[in-house]
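Coordinate-derived values only; no laboratory data. It should be emphasised that the depicted structure is a prediction, and the values quoted were computed from it without experimental measurement. Neighbour counts are summed over all protein chains in view; Cβ atoms, including those assigned to glycine, are modelled from backbone coordinates with ideal geometry.
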Amino acid sequence: MKGDFTDQELAYRGLSRKDFNMQVGQSKLNNHQLFANIEVPINDNWKVYSFGGYSFRHGSSGGFYRKPNQSRTFTGLYSDGYLPQIGTDIQDLSLSAGIKGNWDGWNIDFSNTFGQNSFTYNISNTGNTSLRFASPDEFDAGGLRFSQNTINLDFSKKYDVWSGINIAFGAEHRYENFKITPGEEASYATYDAAGNVWNNTSPRATDFFGNALPGGSQVFGGFRPVNAVDKNRQAVAAYADVEFNFTNWLLVDAAARYENYSDFGSTFNYKLASRIKVAPDFNVRLAGSTGFRAPSIHQIYYNVTSTLFTNSQLLEVGTFSNDSEIAGLLEMPKLKQETSKSASVGFTYRIPSARLTFTADGYFTRINNRIILTDQFLRSDVPAAAQAAFDAEGINGAQFFTNAIDTETKGVDVVISHTARFSGVKLDNNFAVNISETRKVGDTHSSGLLRSPNLEKIYFSEKSRVYLEEAVPRVKASLSHTLSWKKASIYLRNTYFGKVTGADIIDANGDGLTGFNEHQQIGDKIITDLSLAYQFTKNVGLTVGVNNLFDIYPDKNLTASTNNDQFIYSRSTSQFGQNGRYVFTRLNFNF
């Protein structure tokens, strides 16, 4: 007898199809923090200070469900498949210490700041399928660590010339270290049928369909010894800032900064700004500047292989550094610095009699050689030499950080504030709106092999373009009110989030075809927040509130984007989240 008896078998096991879905939503998180801020006077002119803190966060999130009919599942251990969990332990440490004071009219501040972030992975409820019965269900997958130490020496002084001149200058030394620590062998290795590490020729263990059983801890393969990194870099900088109050109506500020990186050479940048008092209650301001951003040490050296959902299937995708063999085979350009130019102009206008303030600013920023993460180059997309390298790495796809594009961002910020007082009651009203647009300009910075049509559309893909230009609301506005009476206050805010576009390319018009420019449009929404606060004493206060009072969610995904109804909302947009209503209480103690 032939036929599909899946539903009968599920019912026999007491399961339904939904039991094989992944967990979508906010991950589990335990967060513990401790911070301190200390200042001790030495004498009337000098004081020493220190501030810093420590935080520990333990998180857990689920990956894609490994189903029984997939080679990623060894049914001898998981007869119904399994939902692997990514456990993370994140530690943040920061400590600043310094001395500041006044010497002969100069304000002097000398300080040292150290910060460190570590991120370790523990993968549970999983398995290295190639080990079959010998596989553990939990793995130490290694981790990342970034450390930075900064020494600053700053001087500033005010001179009573014209209407005042403020002078500031200083120097900085910055040291950075990035480290990747490999996981245990079973978290990344593939084993053969005899239980030994596979040497690319020995017989592989297979599932009951004859497919080779993959290695590494499922959902997140551990960092391999070849991924291990322990890299440093240093930067030294000097800056100067002069603020001229030529008259009581004209202020001009000029600043310059020189910086030298041990890996990206030197840069000189400047800023010019001015404030013009057109009338007692009307100020105009304008500014222009240049910028330089060296690739972060993480973007240069980060490399790992992960399981990603690509083209409706789970694939092993490697993120490789620009100096890797695979990057060279694809003629990937070496990373270089981003440079920028920006300008802004705005005004502030007050009407004291009406207790009204208007503020408006327009801005423009051009970034050249912007760093992005490429889309995934699949094995079938690349030349034969690169395919061999893919096979040696045990991957289906590869992606890289690269200076792919130039972008322009332009926008306007407007804020209107109003205060009213009556019978001991104070009412503050604020309206703010931001209208902005970011877009790619000019040609993509590709060369060599990457100029071929198939590879160039992966180097900077249509999905990446939409994510850059349309996945963030171009219009965001808020209207807030605070009503205060004695020790009590009520806060109400409505925030408007403009429409966005999902980056995934799908069959948006339902014609059964996937077009190059078919994306789901996600409509605009208004989110309401409300809170009540009461200050019992000078040192003790209580706040009770609710964010997203009316439990608003984004538009649901079209069926083509749900992955069998698992993703109800878009994973590729940044609008206002998908957690719904959030109720909280907060008790504040001030010492």
Legend entry - Estimated D of the chain in µm² per second, where Rh is the Kirkwood radius over Cα pairs and Stokes-Einstein applies at 10 °C, 1.306 mPa s: 55
Inset, instruction - Could you work out the per residue convex hull volume over the alpha carbons of the stretch 182-264, in cubic angstrom? - result: 202
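Taking K and R as +1 and D and E as -1, what net charge do the other residues with C-beta under 13 Å from the C-beta of Ser163 add up to? Write down the numbers at each step before the final one.
Working: positive: Lys158, Arg275, Lys277; negative: Asp160, Glu243.
Local charge sum for Ser163: +1.
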Legend entry - In sequence order, calculated HN-Hα J values of the stretch 100-105 (Karplus, 6.51, -1.76, 1.60; Hz; x Gly/Pro): 9, x, 10, 9, 6, x
Inset, instruction - Please report how far the C-alpha centroid of the stretch 531-555 lies from that of the stretch 103-172, rounded to the nearest whole angstrom. - result: 32
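If I take R0 = 41 Å and measure r between the Cβ atoms of Asp89 and Lys277 in this structure, what FRET efficiency does the formula 1/(1 + (r/R0)^6) give, to the nearest 0.05?
Working: r = 54 Å, r/R0 = 1.32.
In this case the efficiency is close to 0.15.
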Inset, instruction - Which order do the peptides 82-89, 129-136, 552-559 take when ranked by the mean count of other beta-carbon atoms within 10 Å per residue, highest first? - result: 82-89, 129-136, 552-559
Legend entry - Computed log₁₀ I(q)/I(0) - Debye formula, equal Cα scatterers, no solvent, the stretch 216-261, q 0.20 Å⁻¹: -0.81
Legend entry - Cβ-defined net charge surrounding Gly105, 11 Å radius [Lys, Arg +1; Asp, Glu -1]: 0
Legend entry - Among Leu10, Ser572, Pro136 the positive-end extreme of the charge dipole of the chain (Cβ point charges): Ser572
Inset, instruction - Provide the per-residue ³J(HN,Hα) series for the stretch 532-545, in order, calculated from phi with Karplus coefficients 6.51, -1.76, 1.60 and θ = phi - 60°, each as a whole number of Hz, with x at glycine and proline positions. - result: 10, 10, 9, 9, 5, 9, 4, 10, 10, x, 10, 10, 10, x
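Write down the Å³ per residue value for the convex hull defined by the alpha carbon atoms of the stretch 114-272. Provide the component values of the computation, followed by the final result.
Values: hull volume 28.5 nm³, N = 159.
With only Cα atoms used, the stretch 114-272 gives 179 Å³ per residue.
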Legend entry - Label-reachable residues, the stretch 435-457, where backbone N falls under 19 Å from a point 7 Å from Asp524's Cα toward its Cβ: 435-438
Inset, instruction - Pull out the extension gain between Thr562 and Glu408, defined as 0.36 nm times the separation in residues minus the alpha carbon to alpha carbon distance; nm, one decimal. - result: 52.2 nm
Legend entry - Amide N proximity, the stretch 56-87 versus Leu10 label position 7 Å along Cα-to-Cβ, cut-off under 15 Å: 65-69, 80-82
Inset, instruction - Of the options Phe400, Phe347, Val317, report the single residue whose Cα projects farthest towards the positive end of the charge dipole of the stretch 249-460 (beta-carbon charges: Lys, Arg +1; Asp, Glu -1). - result: Phe347
Inset, instruction - Identify all aspartates and glutamates with a Cα-Cα distance to Lys179 below 19 Å; exclude those on the same chain that are fewer than 8 residues away in sequence. - result: Asp89, Asp92, Asp140, Asp230, Asp263, Asp323
Legend entry - Paired Rg and Dmax values of the stretch 244-307, which use every Cα atom, in angstrom: 19.9, 63
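Classify the stretch 469-591: rounded, prolate or oblate, from the alpha-carbon gyration tensor (a ≥ b ≥ c, eigenvalue square roots; a/c under 1.5 rounded; otherwise prolate if a/b is larger than b/c)? Can you show the working numbers first?
Working: a/c = 3.91, a/b = 2.86, b/c = 1.37.
Prolate shape, in that a/c is at least 1.5 and a/b is the bigger ratio.
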Legend entry - Anchor Lys18: lysines whose Cα lies under 19 Å away (excluding residues fewer than 8 positions away in-chain): Lys67, Lys556
Legend entry - Rounded Å value of the spacing that divides the Cα centres of the stretch 420-455 and the stretch 1-71: 29
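Estimate the FRET efficiency between Glu185 and Asp230 by the formula 1/(1 + (r/R0)^6), using the beta-carbon distance for r and 22 Å for R0, to the nearest 0.05.
Details: r = 20 Å, r/R0 = 0.89.
The computed FRET efficiency comes out at 0.65.
Can you give the Rg to Rh ratio of the stretch 77-192, both from alpha-carbon atoms, with Rh computed by the Kirkwood formula?
Numbers: Rg = 25.9 Å, Rh = 18.8 Å.
Radius of gyration relative to Kirkwood radius: 1.37.
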Legend entry - Two-site label geometry, Tyr49 and Thr206: point separation in nm, points 7 Å out along Cα→Cβ: 7.0
Legend entry - Cross-link pairs Lys277/Lys410; Lys336/Lys440; Lys231/Lys341; Lys271/Lys440; Lys486/Lys538 - those with Cα-Cα distance over 23 Å: Lys277/Lys410; Lys231/Lys341; Lys271/Lys440
Legend entry - Under the Karplus curve 6.51 cos²θ - 1.76 cosθ + 1.60, θ = phi - 60°, whole-Hz ³J(HN,Hα) for the stretch 261-272, x wherever Gly or Pro sits: 9, 5, 10, 9, x, 9, 8, 10, 10, 9, 9, 10
Legend entry - Amide hydrogen neighbours beyond the local backbone of Asp555, cut-off 5 Å, H modeled: Gly523
Legend entry - Cα-based Kirkwood hydrodynamic radius, the stretch 249-460, one decimal, Å: 21.1
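Local charge sum around Glu316 (other residues, Cβ-Cβ under 13 Å, Lys/Arg +1, Asp/Glu -1)? Show your work: numbers first, answer last.
Working: positive: Arg72, Arg224, Arg379; negative: Asp391, Glu393.
That works out to +1.
Starting from the Cα-Cα distance between Ser111 and Lys336, subtract it from 0.36 nm times their residue separation and give me the gain in nm to one decimal.
That pair, Ser111 and Lys336, stretches by 77.9 nm at full extension.
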Inset, instruction - Report the one residue of Ile151, Trp106, Ala420 whose Cα lies farthest in the direction of the positive end of the charge dipole of the chain (charges on C-beta: Lys and Arg +1, Asp and Glu -1; origin at the Cα centre). - result: Ala420
Inset, instruction - Would you list which lysines come within 24 Å of Lys47, measuring only between C-alpha atoms, while excluding same-chain residues fewer than 8 positions from it? - result: Lys100, Lys157, Lys158
